[in-house]
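So the structure is just underneath, and the comments pick up after that.
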Amino acid sequence: MRARPSYLRVLLTFARNSLVRDMTFRGNFLIETFSSMSWVIMNLGFYVLVFQHTPRLGAVTDWGEYAFSWGKYEFFLFLSTTLVINSLVQTLFMENASEFSELIRTGKLDFALLKPIDTQFLISLQRVQWASLGNLAVGVGLAGYSLFRLGWTPTAAQVGLYLLFVACGVAIMYSLMIALAATSIWLGRNQSLYDFWFYITNFSRYPMEIYHGPLGTPLRMFFTFIIPVMIVVNVPARFLIRPLVPQTVSDLALPAFAILATIVSLVASRYLFQRSLLSYRSASS
Amino acid sequence: MFARTVTWWTVLRISVEERLVYRGDFALSTLMRFLPIVTQIFLWWAVFSAAESVEPGGGATRIVGYAYHDFVAYYLLTMISRAFSSMPGLASGICRDIREGTVKKYLVQPIDMLSFLLLYRIAHKLVYYAVAAAPFALVFYLCRGFFPAGWPEPQTLLAYAASLLMAFLLGFFLEATIGMIGFWFLEVSSLLFVYMLFSFFCSGHMFPIDMLPGVWGELVRLIPLQYLAYFPAAVFLGKVQGPELIAGLWIQFGWVVFFIAASRVAFTLGVRRYSGFGG
């Protein structure tokens, strides 16, 4: 018997089991996929409506360092990045994180703690929600269409950097989610976890340039440097939209900061998670 | 008659007390619910500043008749509409009761399910307004700049109050009717999700439905969802006035009556189909 389990094989088993489970209820799987896709399409409809009334988001004038305004298809590229990141987070972690607070409330976390594998790994990836991948397809499709409409072909380096920073974005979102889930050990129950998550990540859904002015600048700073949700989508999206030549200082500084923020978020959330486990007192019997 | 009143009064009182247990969490989550509006404020500022730079209007740019401050005011007002019309967990609760068989308690006890749920909801809403009043007042005070016209006239306010009250009744009976689908289908969560989606989009919660072009706009105005969020807000902002306002209120009233009847009929038919096993 090996002392250390093969994490990759366990992960693949999780993925396979979830797929088997989803395929057992195929009708339900299809309905789930389509209903989450229709949510996305309705959202898209809203932005199509918005762009019927304005050619761009944000005027270029007097925005100083952050002078960058988003045209329709540029914004759709941004939106597709949001979709890609969110659907990855939903597929991999969402269900598990909400399950986690349930494990604590019912005391079933005991079983996870007893297993000879890292607890955070186990509870974060136990269940893969395949139905959310439909949104990934929508995101990729939308990105392709927007690039086509812009007449813009990204280079291989751009795509590579894009994928790297999408991964960073997913990691930051995951850290935030697991940190929120960990608080449910202290609070006993955390029903508003999903709400809280939605309200915070809401700030990642628009280009950061729109936050400016006496209220906007502090907001942008807060959600960039304290809770780094604003860089989750902004950084990768920028790599796809603009030529790879750095134009402003922030073009270089922001990606560098994104890497740093990813590492710090992962480490901090790991620490928080471990600390919260120490306070776990089990429930019932 | 007296005994009945006492029963209903007790139901109402217990529901109020149950709800007050979590008042702290409640006030906080109410305040949190305004956060998405912050992003909307910035989004629309970006839209308006771009539209302005293309066609300078001297700060008087309007989109479908809405100035920038109207948009923000609109979103704030839909929060009030939704505070009346949204019924979290009503339809899914009814479905769960049917699926798990707990609906039996309404069938064997001398209590009418719809009336019980309505009282329960009223109690929840009353507590909600009591607790949420402070956060709402704070947000509206901070955002008073987005209402340059100040308070509307008394008649408009009266119409606004009526539309809100009917929004509550419409929201309740509409969702209760949808919940009755549980008598026919066992698993309805995805159906409810689709309804929620439509409701979010077509009630005007996401954007004023005036933005919908051509036939889409007409279609959305035909269905009752707009009375859950758009209509009361539009009344407050003075978008609907005079005969149009009176007609709107009557149509809203008509929909309320329609769904009261529909929920009754669906319940009666559903109970006839229902078979409870075990105990």
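For the reader, a short list of remarks on this structure follows.
- Charge dipole of the protein assembly as shown about the Cα centre (unit charges at C-beta), most positive-ward option of B:275, B:202, A:171: B:275
- Rounded FRET efficiency, nearest 0.05, which uses the C-beta distance separating residue B:35 from residue A:159 and R0 of 35 Å: 0.55
- The slack between residue A:8 and residue A:226, meaning 0.36 nm per residue of separation minus the straight C-alpha distance, is 75.2 nm.
- A straight line joining the Cα centroids of the range A:1-58 and the range B:86-114 runs 32 Å.
- Shape call, the range B:186-279: gyration tensor on alpha carbons, a/c limit 1.5: prolate
- With all protein chains kept in place, the per residue accessible area of chain A amounts to 48 square angstrom at a probe of 1.4 angstrom.
- Taking the longest Cα principal axis of chain B as reference, the axis of helix B:242-273 is set at about 30 degrees.
- Annotation for the range A:94-169: trypsin sites (Lys or Arg not before Pro) lying in DSSP loop with at most 16 further Cβ atoms inside 10 Å of their Cβ are A:108.
- Take the Cα of residue A:281, go 7 Å toward its beta carbon, and the backbone nitrogen atoms of the range A:101-133 under 15 Å from that spot belong to A:104-107.
- Dipole orientation for the protein assembly as shown: of the candidates B:119, A:226, A:249, B:119 has the Cα lying most toward the positive pole (charges on Cβ; Lys, Arg +1; Asp, Glu -1).
- Mean separation of Cα contacts under 8 Å (6+ apart) over length of the range A:7-278, as relative contact order %: 25 percent
- Whole-angstrom gap from the range A:101-179 to the range B:121-164, using each part's C-alpha centre: 40 Å
- Folded to 0 to 90 degrees: helix B:189-202 orientation relative to chain B principal axis, Cα: 30 degrees
- Across every direction, the projection of the convex hull enclosing the Cα atoms of the protein assembly as shown has a mean area of 30.4 nm².
- Label-to-label distance, residue B:62 versus residue A:117, with points set 7 angstrom from Cα along the beta-carbon direction: 6.2 nm.
- Between residue B:271 and residue B:126, the simple spin-label model (points 7 angstrom out along Cα→Cβ) gives 2.6 nm.
- Label-to-label distance, nm, for residues given as residue A:47 and residue A:260 (7 Å Cα→Cβ offset): 2.9 nm
- Nonlocal amide H pairs with residue A:71, under 5 Å, H built at 1.01 Å: A:57
- Here is the interface size for B with A: some 2900 Å² of accessible area buried, both sides summed, with a 1.4 Å probe.
- Note that the range A:7-278 carries a Kirkwood radius of 19.9 Å, evaluated over its alpha carbons pair by pair.
- Under a model in which nothing but the beta-carbon of Lys, Arg (+1) and Asp, Glu (-1) is charged, the protein assembly as shown shows a dipole of about 1540 debye around its Cα centre.
- Given their separation in residues at 0.36 nm each and the Cα-Cα distance between them, residue A:183 and residue A:274 gain 31.6 nm when the chain is fully extended.
- Note on residue B:264 and residue B:153: with the Förster distance fixed at 25 Å, the Cβ-Cβ geometry gives a FRET efficiency of about 0.10.
- Under the span-like rule (Cα at least 20 Å along the axis, Kyte-Doolittle mean at least 0.0), DSSP H helices of chain A: A:7-24, A:26-53, A:72-89, A:133-150, A:156-187, A:249-278
- Once C-alpha pairs closer than 8 Å and six or more residues apart are averaged by separation and normalised to the residue number of chain B, the relative contact order reads 28 percent.
The values are calculated or read from the model by the stated rules, or taken from the named source; none is laboratory data. Small disclaimer: the values here were computed from a predicted structure and weren't measured. All Cβ positions, even for glycine, are placed from backbone atoms using ideal geometry, and neighbour counts span all protein chains on display. Heavy atoms of the whole protein, side chains included, go into the accessibility calculation; ligands, DNA and RNA do not. Shrake-Rupley method; radii C 1.70, N 1.55, O 1.52, S 1.80 Å.
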